[in-house]
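Report on the structure given below.
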Amino acid sequence: MSSVITIRNLTKKYSSDEGEKIALSDIDLDVDKGDIYGIIGLSGAGKSTLVRCINGLEHYDGGTLAVNGKEIADLRSKELRALRSDVGMIFQSFNLMPSRTVAANVELAFRGKVDAKTRKDRVSELLELVGLTEKAEAYPGELSGGQQQRVAIARALVNKPGILLSDEATSALDPTTTKSILALLRNLHDTLGLTIVVITHQMSVIKEICNKVAVIDHGTIVEKGNVFDIFAAPKAALTKAFVATTSNLDKVHELLDDHSPLVEPKPGQVLLRMNYIAKEVSEALVSHISREFSIDVNIIFADIDIVENAPLGGLVVILKGDSKKINDALAYLKERNIGIEVIDRA
Amino acid sequence: MLNLLDQWFPNVMSRLPEFFDSFVQTIIMVVVAGLISFVLAVILGVAVTVTKPGGLHPNRGVFNVIDKLINLFRSIPFIILAASLVPVTRFVMGTAIGTKGALFPLVVGITPFFARQIQSALAGVDSGLIEAAQAMGMGLPEIIWRVYLREAIPSIVRVSVITLVSLIDMTAVVGVVGGGGLGDFAIRYGYQRYMMDVTIATIIVLVLLVGLVELIGRLLVEITEH
């Protein structure tokens with residue numbers, strides 16, 4: 001795997017009357033070819049600044065940032081513009097030119113001398129790719145948000161870039177449209193071999209399409225790695241908070257605080273949370289422990305998703321049965337690489 | 001109909017050719033000064049927009065010079081500006097009187113106002129569009145031409161209408177310093193010789209002219225806006 005974006009010790013400061021503000025500090029990041037790399041953080045964390053450094057829309061003050069082996073800070077403005085042909089970008093607010101039709105918006109992105117017929121063919125090819133052929137002559141103001149973002153994606157792909165930067169591209173869209181735009185991005189990744197950098201504040205977006213993720217907080221990366229590993233075992237507090245937003249398993253704590261009888265284990269029972277933290281889990285665990293150790297497994301919550309082709313998530317259950325058998329079952333689960341957290345034991 | 005006009009506007013009807021000439025002079029002043037100042041205002045408006053701190057090509061020196069000059073000329077009342085420009089006008093245009101002599105002070109008087117209007121029209125272009133254009137790899141001239149000016153067209157039409165109306169107003173003022181036109185006509189007869197009907201006829205024509213400019217402007221905005 002070759003790294004197409006290599007970032008080392010990247011630092012950026014904003015100076016204002018009140019003094020200096022650190023926007024980014026000591027960022028290290030490697031985006032490999034074919035990655036869909038998610039960068040997640042709260043607003044103001046610096047993620048948009050970081051992605052703008054990648055295509056030179058923002059300058060940085062220290063460290064190095066190389067795209068396709070070229071150090072961005074060393075590029076002259078002409079070289080930088082040439083590089084931008086290979087780095088497409090889409091935005092939260094779509095940023096289509098309101099005075100131009102859909103086709104003209106896409107065509108506007110051509111750089112260099114391209115003859116009219118090639119332009120026209122490429123535009124219709126791209127509009128077909130994003131499913132908007134019949135809207136070619138419409139104006140952006142006549143389109144829905146999702147359609148506008150599709151046009152923006154077509155525009156970003158005009159010069160056949162190897163990298164696509166997506167800055168909160170789905171944040172202004174409803175959940176259904178978000179899904180369809182993410183599906184389109186994944187499809188473009190698979191068919192065109194695009195490397196995509198996804199900026200978002202929604203962990204569900206990361207879960208949906210990314211293979212790697214970096215969590216950024218106050219200008220520094222607090223955690224990064226494969227999406228599955230991060231979801232299975234988040235370490236930083238912020239990461240845990242983000243992961244929790246994608247699962248309903250934490251509701252158990254609310255119920256416990258409310259002393260709900262649902263999560264009140266009776267004598268001899270164990271309230272247990274099982275987390276799928278390893279990729280190999282695929283067997284019928286619940287029925288297995290139930291049969292093998294003759295215990296009853298009462299499922300209170302379940303939240304299991306497929307991330308990177310492996311089940312991720314977990315269950316909150318109440319185990320009922322012989323105390324020794326329950327201990328055996330817990331030992332068995334641990335052996336099967338299941339994360340075990342005994343919440344309450346009566 | 002003609003009888004009625006003779007009855008209501010006796011002093012105008014007896015000077016109809018002169019009234020008509022004055023009207024033509026006003027139109028010439030508005031059109032010529034308007035076109036010249038439009039070109040200058042677009043250049044200045046773009047220059048200020050691009051060179052201002054945080055602009056696409058910040059340049060403190062250029063920005064400050066243009067910005068201060070615009071403010072300086074905008075703060076001088078037009079009638080004083082026109083009078084003080086007489087020697088310069090004579091040098092540039094060869095004469096300081098008549099329609100020809102009026103053009104120079106009109107352009108100097110309206111361009112700073114027009115430039116500010118164009119600047120505000122350009123400021124209305126969503127910064128996201130500029131960022132998208134940069135991300136596409138567009139250079140500065142292309143962004144100015146294909147994004148800033150193009151996307152600001154409806155606003156530019158709007159501010160041009162406002163400016164034209166001000167310019168019509170100013171053509172009446174240059175009449176006082178020997179510029180000719182409807183303003184001159186109204187002052188000479190209506191004001192100085194107490195011919196009220198001349199003043200009223202001039203007002204009616206100017207109101208119709210302004211109304212026409214605004215109507216055309218509105219139509220243009222509708223055509224250019226999507």
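Just so you know, all these numbers are worked out from the coordinates, no wet-lab data involved. Since the structure is predicted, the reported quantities are computational estimates derived from the model, not experimental observations. Note: ideal-geometry Cβ built from the backbone for every residue, glycine included; neighbour counts use all protein chains shown.
Below are the figures for this structure:
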| item | result |
| --- | --- |
| log₁₀ of I(q)/I(0) at q = 0.11, 0.16 Å⁻¹ - region B:84-216, Debye sum with one point per alpha carbon | -0.56, -0.89 |
| Convex hull volume per residue for region A:190-305, taking Cα atoms only, in Å³ | 141 |
| In nm, spacing of pseudo-spin labels at B:Val39 and A:Val114 (7 Å Cα→C-beta vector) | 3.5 |
| Along principal axes, Cα extents of region B:1-113, largest first, whole Å | 65, 32, 21 |
| FRET efficiency for A:Asn298 and A:Asp30, using Cβ-Cβ distance with R0 set to 45 Å, rounded to 0.05 | 0.50 |
| Relative contact order of chain A, pairs being alpha-carbon contacts under 8 Å that are 6 or more residues apart, as % | 17 |
| Residue-wise HN-Hα coupling along region A:178-192, computed from phi with Karplus coefficients 6.51, -1.76, 1.60 (Hz; x: Gly, Pro) | 3, 4, 5, 5, 5, 5, 4, 4, 4, 4, 5, 4, 6, 7, 9 |
| Residue with peak Gaussian network fluctuation, chain A [Cα springs, cutoff 10 Å], from A:Asp74, A:Asp32, A:Asp305 | A:Asp74 |
| Per-q log10 I(q)/I(0), region B:90-157, q = 0.16 Å⁻¹ (Debye; single scatterer per alpha-carbon; no solvent) | -0.65 |
| Equivalent-ellipsoid semi-axes of region A:3-93, from the Cα gyration tensor, Å, largest first | 21, 16, 14 |
| For region A:133-169 and region B:12-69, distance of Cα centres in Å | 38 |
| Rg to Rh, two decimals, where chain B supplies the alpha carbon set and Rh follows Kirkwood | 1.07 |
| Rough spin-label spacing in nm, given labels placed 7 Å along Cα→Cβ, for B:Asp21 and A:Thr176 | 7.4 |
| Whole-angstrom gap from region A:263-341 to region A:27-46, using each part's C-alpha centre | 34 |
| Mean separation of Cα contacts under 8 Å, 6 or more apart, over the residue count of chain B: relative contact order % | 26 |
| Per principal axis, descending, Cα span of region A:238-285 in whole Å | 34, 30, 12 |
| Viscosity 1.306 mPa s, temperature 10 °C, Stokes-Einstein D of region A:34-145 from Kirkwood C-alpha radius, µm²/s | 96 |
| Gaussian network model of chain A, springs between alpha carbon atoms under 10 Å - residue of A:Glu208, A:Glu292, A:Glu58 with greatest fluctuation | A:Glu292 |
| Dimensionless Rg over Rh [region A:73-120; C-alpha; Kirkwood] | 1.03 |
| Relative counts (whole %) of C-alpha pair distances in region A:95-200, using bins that are 5 Å wide | 2, 13, 24, 25, 22, 11, 3, 1 |
| Relative contact order of region A:73-207, pairs being alpha-carbon contacts under 8 Å that are 6 or more residues apart, as % | 32 |
| Angstrom value of the Kirkwood radius, inverse mean 1/r, which spans all Cα pairs in region A:48-109 | 13.2 |
| Volume of the Cα convex hull of the protein assembly as shown, divided per residue and given in Å³ | 241 |
| Contour minus Cα-Cα distance for B:Tyr191 and B:Glu222 (0.36 nm per residue) | 7.1 nm |
